[in-house]
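The values are calculated or read from the model by the stated rules, or taken from the named source; none is laboratory data. Everything numeric in this text was worked out from a predicted model, so none of it was measured. Heads up, the Cβs are rebuilt from the backbone with ideal geometry, glycines too, and the neighbour counts pull from every protein chain shown. Each accessible area value is taken on the protein alone, full model and side chains, heavy atoms only, with ligands, DNA and RNA left out. Shrake-Rupley method; radii C 1.70, N 1.55, O 1.52, S 1.80 Å.
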Amino acid sequence: MSLSVPRRTAAVAVLALAGLLGAAAPATAAAPSAAAVGPLAAPDIPVANVKAHLTQFQSIASANGGNRAHGRPGYRASLDYAQAELDAAGYTTTVQQFSSNGATGYNLIADWPGGDPDDVLMAGAHLDSVSSGPGINDNGSGSAGVLETALAVSRAQLEPTKHLRFAWWGAEELGLVGSRHYVNTLPSAERSKISGYLNFDMIGSPNPGYFVYDDDPVLEATLKDYFAGIGVPTEIETEGDGRSDHANFKNAGIPVGGLFTGAGRYKSSAQAAKWGGTAGQAFDRCYHRSCDTTSNIDDTALDRNSDAIAHAVWTLGAEPTTPPDGDVYENTADVSIPDYGAAVTSSVTVTGRTGNAPSALRVGVDIKHTWRGDLVIDLVAPDGSAYRLKNASGGDSADNVIETYTVNASDETANGTWQLRVQDVARWDTGYVDSFRLTF
């Protein structure tokens, strides 16, 4: 998990071992297998297999300066290890390159054959460590849990209704760089096919809590149901809000969920009474330190969370595929946004409809910009009525606006020319409208 870091400066910002592990004997603290999904049950994920991946990550770090950080040989060796496992298991793998801090970074994407290509379920974790240690809990644990779940899909020869995609992100510790690159370079039509993204960052903390993301109710309920089924209470995750890779998907309007066992915050007395462990001590005392080794893992937490990943993949992957969104009107022509200048527009013309626009008109916005807080964005109806989508804000320090807004446009005639109007109201930052779409 990355630390929050301010990004703006006074200057102009710039856009900047093959083969499956054999089934292992059940661990002493093994969690029950997940509930059945239709005719198939999600498998119990052998914690010994997950720990074997962690042992590999530890060995890689030890052989490469003690870490697996972005731009260091330990990171690429970790990616090569995971890719070899996935290639041998029948996945189609892709290595995506990007640059950050003067070094080349890499994302690893693995697609399981089959499933509806227009309804994609993703699960991912960041693969990089900080430079000060091997990063076995943060985030070898999430990476290993996702990897072993992907291998379990292969062992089961699962035939889900949705298309399954797994991902391991680079340079998360530098500000979610790899996943942002993936989301921002994915064409809007491809982004719209992702029905959910599940993120797993730190799932084996040595003084663990059991935290579930509350961003999307369906994904949240799926993960909570697993823990309820094994009698483990959960809490809503707050420590990592906006600090892991799910944030980039959420900002793009994609439903997100995930699990977390805690980082630098202290466990309360109430939490210790509920989960065990030590009150008044951090969930992970080795967070971002050199002691984040294979000794810094709670096997029970790792086991339970790995099984929960499989439960979510089996459950959500077997859901009926998402019906068509409706009629889409889109303009993909780039429109430059002048720095601290006049408003610009991107237009779509709607024809052939009867009556008024819907009360839940969806407005898809994809704007690449180095400081989104500078932007004021409106939807302008054919009669000139304006609907404010986004105000400028000096505290909104992220880049890009990749969002789907919902507008009650039921007073507006559907047919005619609709405009996305964008104005940059402050100095120093630049960008352009990548695409604009309306979904009726």
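The single residue among V433, V380 that is more than 24 Å from the chain's Cα centre (by Cα), under 17 Å from S346 (Cα atoms) and open to solvent by less than 40 Å² (accessible area, probe 1.4 Å) turns out to be V380. Of all residues in segment 221-236, those satisfying the criterion of being among the charged types (D, E, K, R) and either in contact with a Pro (Cβ under 8 Å, 6 or more places away or on another chain) or modelled with pLDDT of 95 or more (or both) are K224, E235. Given (1) of a type in the set (A, V, I, L, M); (2) more than 18 Å from L302 (Cβ to Cβ); (3) modelled with pLDDT of 95 or more, identify the lone condition not met by A252. So the condition that A252 fails would be (3). Anything in segment 397-414 that is under 19 Å from the mean Cα position of the chain (by Cα), in a loop (DSSP other than H, G, I, E, B) and aliphatic (A, V, I, L, M)? List them, or say none. Answer for segment 397-414, where residues must be under 19 Å from the mean Cα position of the chain (by Cα), in a loop (DSSP other than H, G, I, E, B) and aliphatic (A, V, I, L, M): just A398.
For segment 162-175, a residue qualifies if it is open to solvent by less than 20 Å² (accessible area, probe 1.4 Å) and of a type in the set (D, E, K, R), and the qualifying residues are K162, E172. Considering S393, S306, S336, which residue is farther than 30 Å from V50 by Cβ and in contact with a helix residue (DSSP H, G or I) (Cβ under 7 Å, 6 or more places away or on another chain)? The match here is S393. Hey, does segment 130-143 have a residue that's open to solvent by less than 30 Å² (accessible area, probe 1.4 Å), within 22 Å of S195 (Cβ to Cβ) and under 14 Å from the mean Cα position of the chain (by Cα)? Scanning segment 130-143, I find at least one residue that is open to solvent by less than 30 Å² (accessible area, probe 1.4 Å), within 22 Å of S195 (Cβ to Cβ) and under 14 Å from the mean Cα position of the chain (by Cα), so the answer is yes. From K193, K162, which residue is touching a His at 6+ places or on another chain (Cβ under 9 Å) and farther than 21 Å from A77 by Cα? None of the other options fit; the residue is K193. Determine, yes or no, whether G317 is within 23 Å of the chain's Cα centre (by Cα) and surrounded by fewer than 18 Cβ atoms within 10 Å (Cβ to Cβ). No. Residues in segment 176-219 that are under 30 Å from S269 (Cα atoms), open to solvent by less than 30 Å² (accessible area, probe 1.4 Å) and not in a loop (DSSP other than H, G, I, E, B): L198, N199, F200, F211, V212, L219. Is it the case, given these coordinates, that G262 is of a type outside the set (D, E), touching a Pro at 6+ places or on another chain (Cβ under 9 Å) and surrounded by 24 or more Cβ atoms within 10 Å (Cβ to Cβ)? In short, yes. Taking first residues from segment 136-152 that are within 19 Å of F211 (Cα to Cα) and partners that are part of a helix (DSSP H, G or I) and basic (K, R), the Cβ contacts under 9 Å between residues at least 6 apart in sequence or on separate chains come to A144/K51.
Within segment 284-307, one or more residues are closer than 30 Å to E190 by Cβ and small (G, A, S).
Just for segment 190-203: of the residues that are in contact with a Lys or Arg (Cβ under 9 Å, 6 or more places away or on another chain) and among the hydrophobic types (A, V, I, L, M, F, W, C), which one is nearest to A333 (Cα to Cα)? Ranking the qualifying residues of segment 190-203, first place goes to I194.
Among the numbered conditions (1) among the aliphatic types (A, V, I, L, M); (2) in a helix (DSSP H, G or I); (3) surrounded by fewer than 24 Cβ atoms within 10 Å (Cβ to Cβ), the only one that L158 does not meet is (2). So which residues in segment 102-151 are assigned to a loop (DSSP other than H, G, I, E, B) and touching a helix residue (DSSP H, G or I) at 6+ places or on another chain (Cβ under 6 Å)? Residues satisfying the conditions are W112, L127, D128, V130, P134.
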